[in-house]
Amino acid sequence: MAKSSIARRQEAERARVEAYELTLRRVARPSRPPPDLHNAIREAEAGFSADIIRAPEAWKPQLKTRDPARLRLAAARHLFARYPVAAHLEQIWIDADGLERDERDLRKCWYIVAAGGGSLYKAGASAVLSRKEVHAFLNPLGQVGFDEAIWQAIARSYTDDPALASRIARSKIARTPRGEIAFWREAAQFFCAQPTTLEEIDDLCDYFAHRRRRDRKFSLKGRTLAALRRLMNAWHRELAVIARIEAARRRIEMGRQHPTARAAQLPSHWAGAQLAEWSWSPSSAKRDEYVITQLRSAEDLVAESRAMHHCVSSYAAKCITGHASIWSLRHRHAGKTQRLLTIELDRQHRAVQVRGFANRVAHADERKVLERWAKARGIHLPEI
């Protein structure tokens with residue numbers, strides 16, 4: 001039986017209502033899960049349950065946030081804090097990415113002691129900071145990170161200029177290993193006494209780190225900013241020479257390899273002459289040793305040139321192409337090594353040049369050592 005117009009309109013209206021309700025169900029936002037308070041408490045107290053001053057179950061926060069990091073900080077405040085502390089101490093509860101386990105535990109321990117009203121100095125900060133510096137660490141100037149707060153506190157013990165202290169705290173000094181704090185404290189003291197720009201502080205820090213890698217006894221005592229600037233600039237020139245040599249080496253090596261070879265796959269040194277290195281100890285002096293070693297990298301050539309005050313680094317192209325090899329005669333005694341001579345050999349293993357410091361000729365005793373080496377390795381050693 002045919003439906004009336006009224007029935008058809010009613011069915012159409014029901015269909016529109018059903019379609020509208022279906023659309024609402026599709027676009028309606030799902031309900032937000034409640035904050036995970038139990039997990040926040042568990043993460044905050046992990047490893048430090050003995051330091052809790054309030055019962056975990058007593059925590060009834062009125063927080064809108066669901067952010068686990070913010071909840072973890074709120075839980076730490078409930079569990080450990082009697083007093084508010086600076087933001088750099090609380091940061092460990094929010095973000096601990098990139099930190100070793102020991103460093104995370106140390107920062108949490110310092111927070112618990114400081115927020116609980118204890119003596120941070122007695123709790124282990126004395127290994128890094130003086131009492132005066134601990135006070136400055138707990139009350140930093142401006143917004144700083146944990147390491148920046150440490151170095152700002154150290155700098156403030158050497159200068160009354162807050163801008164200078166903050167500059168040092170923002171420099172690369174604040175990113176140095178804490179195990180080397182004695183030397184870098186000396187650096188901070190140096191820059192407090194001889195201020196310069198943040199950019200130059202960072203450049204000089206790179207130079208200091210380079211010198212420290214070569215000589216752990218390197219010190220800033222008795223040095224001036226002008227003298228260190230000259231040394232740093234000379235080091236920068238050496239780096240430029242090394243970069244040019246490395247670029248030439250890579251171009252030549254890439255030309256020898258398959259066109260699809262990548263520069264990153266190349267070794268950091270050239271092949272050099274196919275001669276073994278050599279050493280000899282005089283029977284009358286067992287602690288003495290003479291060593292002749294081949295220089296196969298840009299760094300080796302520049303270091304030899306710097307130490308011996310000659311221009312052997314300019315021979316890099318000949319070494320890279322295989323037309324020459326450069327060797328260094330060194331004397332080792334009582335744990336110390338002294339460079340004596342630099343030797344250039346051609347492709348036929350003939351000594352083309354032999355020079356000592358500032359291009360001096362070989363001494364008679366050095367000549368005898370060279371003759372032993374030449375006999376052992378089949379090298380032609382003319383009168384040079």
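Odds and ends about this structure:
- The conditions of being modelled with pLDDT of 95 or more and either in contact with a Lys or Arg (Cβ under 8 Å, 6 or more places away or on another chain) or charged (D, E, K, R) (or both) are not met by H88.
- Single condition E289 does not satisfy, out of (1) under 22 Å from A248 (Cα atoms); (2) among the acidic types (D, E); (3) open to solvent by less than 60 Å² (accessible area, probe 1.4 Å): (1)
- Yes/no for R77 being at pLDDT below 95 and part of a helix (DSSP H, G or I): no
- Residue check, P35 at pLDDT below 90 and surrounded by 10 or more Cβ atoms within 10 Å (Cβ to Cβ): yes
- Test set (1) surrounded by fewer than 10 Cβ atoms within 10 Å (Cβ to Cβ); (2) outside any helix (DSSP H, G or I) - T65 fails condition number: (1)
- Test result for Y83, modelled with pLDDT of 95 or more and within 23 Å of R156 (Cα to Cα): no
- Residues of region 354-377 satisfying the condition of being of a type outside the set (A, V, I, L, M, F, W, C) and either closer than 15 Å to Q294 by Cβ or open to solvent by less than 20 Å² (accessible area, probe 1.4 Å) (or both): G356, E366, R377
- Where a residue in region 292-311 is touching a residue at least 60 places away in the same chain (Cβ under 8 Å) and outside any helix (DSSP H, G or I) and its partner, wherever it lies, is open to solvent by 60 Å² or more (accessible area, probe 1.4 Å) and not acidic (D, E), with Cβ under 8 Å and at least six apart: I292/S279
- Scope region 275-308; condition at pLDDT below 90 and either more than 35 Å from the chain's Cα centre (by Cα) or small (G, A, S) (or both); matching residues: P282, S283, S284, A285, K286, R287, D288, S297, A298, A303, S305, A307
- Some residue of region 102-124 being among the aliphatic types (A, V, I, L, M) and open to solvent by 60 Å² or more (accessible area, probe 1.4 Å): no
- Restricted to region 119-169, and to residues there that are small (G, A, S), in a helix (DSSP H, G or I) and out of contact with any Phe, Trp or Tyr (no Cβ under 9 Å at 6 or more places or on another chain), the residue that is nearest to L89 (Cα to Cα) is A136.
- Checking A174, A136 one by one, the residue that is under 19 Å from the mean Cα position of the chain (by Cα) and either at pLDDT below 95 or buried (at least 18 other Cβ atoms within 10 Å of the Cβ) (or both) is A174 and no other.
- Count of region 329-350 residues which are in contact with an Asp or Glu (Cβ under 8 Å, 6 or more places away or on another chain) and either crowded, with 22+ Cβ neighbours inside 10 Å or modelled with pLDDT under 90 (or both): 4
- Here is the figure for region 59-94: residues that are within 19 Å of A136 (Cβ to Cβ) and free of Cβ contacts under 8 Å to residues at least 40 places away in the same chain total 3.
- Being closer than 30 Å to Q194 by Cβ, at pLDDT 90 or above, part of a helix (DSSP H, G or I) and of a type outside the set (V, I, T) is a property that L220 lacks.
- Test result for Y20, aromatic (F, W, Y) and surrounded by fewer than 17 Cβ atoms within 10 Å (Cβ to Cβ): yes
- Residues of region 146-165 that are open to solvent by 30 Å² or more (accessible area, probe 1.4 Å) and within 22 Å of the chain's Cα centre (by Cα): D147, E148.
- Scanning region 74-92 for residues that are closer than 16 Å to I53 by Cβ and of a type outside the set (V, I, T) yields A74, A75, A76, R77, H78, L79, F80, A81, R82, Y83, P84.
- Any hit, region 284-296, residues being over 24 Å from E246 (Cβ atoms), β-branched (V, I, T) and out of contact with any Leu (no Cβ under 7 Å at 6 or more places or on another chain): yes
- Total residues in region 312-328, condition free of Cβ contacts under 8 Å to residues at least 60 places away in the same chain, in a helix (DSSP H, G or I) and open to solvent by 40 Å² or more (accessible area, probe 1.4 Å): 3
The values are calculated or read from the model by the stated rules, or taken from the named source; none is laboratory data. As the structure is a prediction and not an experimental result, all values here were calculated from the model. A quick note on method: Cβ atoms are made from the backbone with ideal geometry, for glycine too, and the neighbour counts reach across all protein chains shown. Please note that ligands, DNA and RNA were not included when accessible areas were found on the heavy atoms of the full protein model with its side chains. Shrake-Rupley method; radii C 1.70, N 1.55, O 1.52, S 1.80 Å.
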